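A quick write-up on the structure given underneath.
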Amino acid sequence: MRSPHEVLIKPLVTEKTTDLMQENKYIFKVHPKANKIEIKNAVEVIFDVNVIEVRTMNMPGKLKRQGRSVGYTSNWKKAIITLEPGQRLPIFEE
Amino acid sequence: MKVTVAEVSKNRVELTIEVPEEKFEESLEKAYRIVVKKINVPGFRKGKAPRIVVENMYGREIFMEEALQDAIPKAYEQALEEVKDKYTAVSSPEYEMVQIDKKKPFVFKATFDTKPEVKLGQYKGLEVEKIATEVKDEDIDAEIEKMRQRYAKLIVIEDEEACEGDFLTIDFVGKIAGEPFEGGTGENYSLELGSHTFIPGFEEQLLGVKVGETKDVVVTFPDEYQVEELAEKEAVFTVTVKEVKRKELAPLDDEFAKDVSEFATLQELRQDIANKLKKTAENKAEYELRKAVTKKAAENAEVEIPESMIENRLNQMINDVAFRLNQQGIPFEKYLELTNNKIDDLREMYRPEAEALVKADIVLEKIAQEEDIQATAEEVDEEIKKLAEKYQQETDKIHEVLEKQGQIPSIEFGIMLDKTVDFIIEQANLK
């Protein structure tokens, strides 16, 4: 069993994700091996909120070049978490 | 908004201004909109990052400069409005931040010089000397003589000897010890006898020549001649006179009047000149009178003028000078170089004048207040009309421009001062 802080790596803050917050959806980068149930529990434990839905996707690493050496960045998992209406995550609050 | 007033020293006031949090928040919001366009936040296109994201990343300080620029002048103006019965600012304020914390009102201090208290002295019944505006006959004669000179005709003289004031057309060949030298020859040169354009002695020796005559003129170059090799040398110029012309003044009669003016008779011309001279004299007398009474009134009053007011006036004057020089095509720096003055010397030179002007303005303003002299709307319109004529623009247009630039109050101020001077003159004892 992974600890909640191991599951949630960091929130993604981009133009798109800030727009999605209007729909009470929050986007996280999560542990690539974490499943939806783990993610749901982690969010509920850390932020003390109720999660309605978790959708995940695997993001392939990008091809990077450094001179003549070629490699990939790590693959990672992205999770879209929908909260119960009225609840919010304190991502921007200090 | 809360304003507390403290007098720091004479004519200097410190305002502590408290801007409510919500008000300051507006300024911050404005600042955010400006700043966000310039900064990069990963995950967002330029200018698209929400304020909270920017704040988390760079801190609130990033908005401060812009926010203060927005908030301070507004608050300062409002504060001035509140204390305007007691104080009028005459210098730009110095600011000091007291509190710019989050979730708290924004507090800052503004310190500035105030318009000094004026203790008026006597300004009614001032004794001033009247300046004569009569036009003397000699002045008119002199004026007419000038016209005659200007309209004189050049008559070719055939047989007479040339005398002082004549115009000669000459060819000349100059030699030093039998050798021609550079610049020593000329053809068809027009020379006025007695104009001293040539080496001393040259013109004098040509007195009495006639057309067609050839004469050797012997002169010695002066010690300090521009061309060094020639100085103190003796030269012989062979001069051939090709033409002698003489200025002929027209006889003073109606014919002359007709030629030089639109008047039919000499009498009328004289009258016209007399009128014009009188007008100039009157204008000048009026100007002198205004200057004199203003000076007297100012001298009688007691004011402690803040340094900054004099400084401002000085700056204005120096700018004026620089501007005028520039218009004449002389850059200000160059002028300073040429006259070997430093800008500080110049300031020192203009200082007394600046001080007097500032004092006069303050005193006149106070008198206007005392006597309830104000510029009326019609007078302002009148003034604008005059301006419009001067710049050949439509009156409405000028009005609009002035209003946009906020110049109307200064026009009003000018009219008010003028009227005040009028008032003082009215009350004055003219001798």
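The values are calculated or read from the model by the stated rules, or taken from the named source; none is laboratory data. The structure displayed is predicted, hence computed values, not measured ones. Counting neighbours? That spans all protein chains shown, and the Cβs are built from the backbone with ideal geometry, glycine included. Surface areas here come from the heavy atoms of the whole protein model, side chains and all, with no ligands, DNA or RNA. Shrake-Rupley method; radii C 1.70, N 1.55, O 1.52, S 1.80 Å.
Once each part is reduced to its C-alpha centroid, what is the distance from region B:170-234 to region B:301-340 in angstrom? Between the Cα centres of region B:170-234 and region B:301-340 lies a distance of 48 Å. Roughly how many Å is it from the Cα centre of region B:147-168 to that of region A:30-94, as a whole number? Using only Cα atoms, the two centres lie 108 Å from each other.
The smallest convex shape that holds all Cα atoms of region B:56-149, its convex hull, gives 230 Å³ per residue. Could you list log10 I(q)/I(0) for chain B at q = 0.08, 0.09 Å⁻¹, which the Debye formula gives when each Cα is one point scatterer? Debye curve over Cα of chain B, log10 I(q)/I(0) at q = 0.08, 0.09 Å⁻¹: -0.83, -0.93. Pick from B:ASN56, B:ASN326, B:ASN341: which is most flexible by mean-square fluctuation in a GNM of chain B where alpha carbon atoms under 10 Å apart are linked? Of the options given, B:ASN56 has the highest mean-square fluctuation. What a 1.4 Å probe finds exposed on chain A is 50% carbon and sulfur by accessible area, rounded to a whole percent.
For a test of the definition: using alpha carbon positions, the gyration tensor, and the 1.5 limit on a/c, classify region B:266-430 as rounded, prolate or oblate. Rounded, because the longest to shortest axis ratio a/c is under 1.5.
Rounded to the nearest 20 debye, what is the charge dipole size of chain B about its Cα centre when +1 sits on each Lys and Arg Cβ and -1 on each Asp and Glu Cβ? Walk me through the intermediate numbers first.
On the way: 62 positive and 96 negative charges, 570 e Å.
Taking the Cα centre of chain B as origin, the dipole is about 2740 debye.
Entry for region B:111-155 at q = 0.27, 0.28 Å⁻¹: log10 I(q)/I(0) = -1.00, -1.02, Debye formula applied to identical alpha-carbon scatterers, no solvent contribution. Rounded to the nearest 10 degrees, the angle from helix B:61-82 to the longest Cα principal axis of chain B is 80 degrees.
The magnitude of the dipole of region B:2-115, with charges of +1 and -1 set on the Cβ of Lys/Arg and Asp/Glu and taken from the Cα centre, is near 560 debye.
Where the convex hull is taken over the Cα atoms of the protein assembly as shown, what is its projected area averaged over directions, in nm²?
Working: hull surface 203.5 nm².
Averaging across all directions leaves 50.9 nm² for the Cα convex hull.
Among B:ALA281, B:ALA142, B:ALA89, whose mean-square fluctuation peaks in a Gaussian network model of chain B (Cα, cutoff 10 Å)? It is B:ALA142.
Computed with the Debye formula from one identical point scatterer per Cα of region A:4-86, without solvent, the log10 of I(q)/I(0) at q = 0.12, 0.15, 0.23, 0.24 Å⁻¹ comes to -0.39, -0.56, -1.08, -1.15.
Computed over protein heavy atoms with a 1.4 Å probe, the carbon and sulfur contribution to the accessible area of region B:333-431 reaches 46%. The GNM of chain A, with springs linking C-alpha atoms under 10 angstrom apart, assigns the highest mean-square fluctuation among A:ILE52, A:ILE39, A:ILE27 to A:ILE52. As I understand it, the value is the acute angle between the Cα axis of helix B:343-371 and the longest principal axis of the Cα atoms of chain B; what does it come to in degrees, rounded to 10? Roughly 60 degrees between the two axes. Within region B:393-431, the GluC sites (Glu not before Pro) that combine a DSSP coil assignment with at most 11 other C-beta atoms in a 10 angstrom radius are B:GLU394. Among B:ALA31, B:LEU336, B:GLY43, pick out the residue whose Cα is farthest towards the positive end of the charge dipole of chain B, where Lys and Arg carry +1 and Asp and Glu carry -1 on C-beta, about the Cα centre. So the residue we want is B:GLY43.
Working from the pairwise distances between different alpha carbons, so that the mean of 1/r is found and then inverted, what is region B:349-391's Kirkwood radius in Å?
Details: mean 1/r = 0.0793 Å⁻¹.
For region B:349-391, inverting the mean 1/r across all distinct Cα pairs yields 12.6 Å.
On a per residue basis, the convex hull of the C-alpha atoms belonging to region B:153-248 measures out at 85 Å³. Using every pair of distinct Cα positions in region B:1-104, the Kirkwood expression returns a hydrodynamic radius of 15.5 angstrom.
Here region B:99-212 is described by how far its Cα atoms reach on the three principal axes: 101, 52, 25 Å, from widest to narrowest.
Dipole size of region B:266-430 about its Cα centre, with +1 on Lys/Arg Cβ and -1 on Asp/Glu Cβ: approximately 840 debye, rounded to the nearest 20. Between the Cα long axis of helix B:395-405 and the first principal axis of chain B there is an angle of about 50°, rounded to the nearest 10.
Considering only A:ASN75, A:PRO85, A:MET1, the residue lying farthest towards the positive end of the dipole of chain A is A:ASN75, judged by Cα position with unit charges set on Cβ. When chain B is described by a simple charge dipole with +1 on each Lys and Arg Cβ and -1 on each Asp and Glu Cβ, the residue from B:THR197, B:LEU364, B:GLN327 located farthest towards its positive end is B:LEU364. Using the Cα coordinates of region B:346-431, the gyration tensor eigenvalues translate into equivalent-ellipsoid semi-axes of 27, 19, 12 Å, sorted from longest to shortest.
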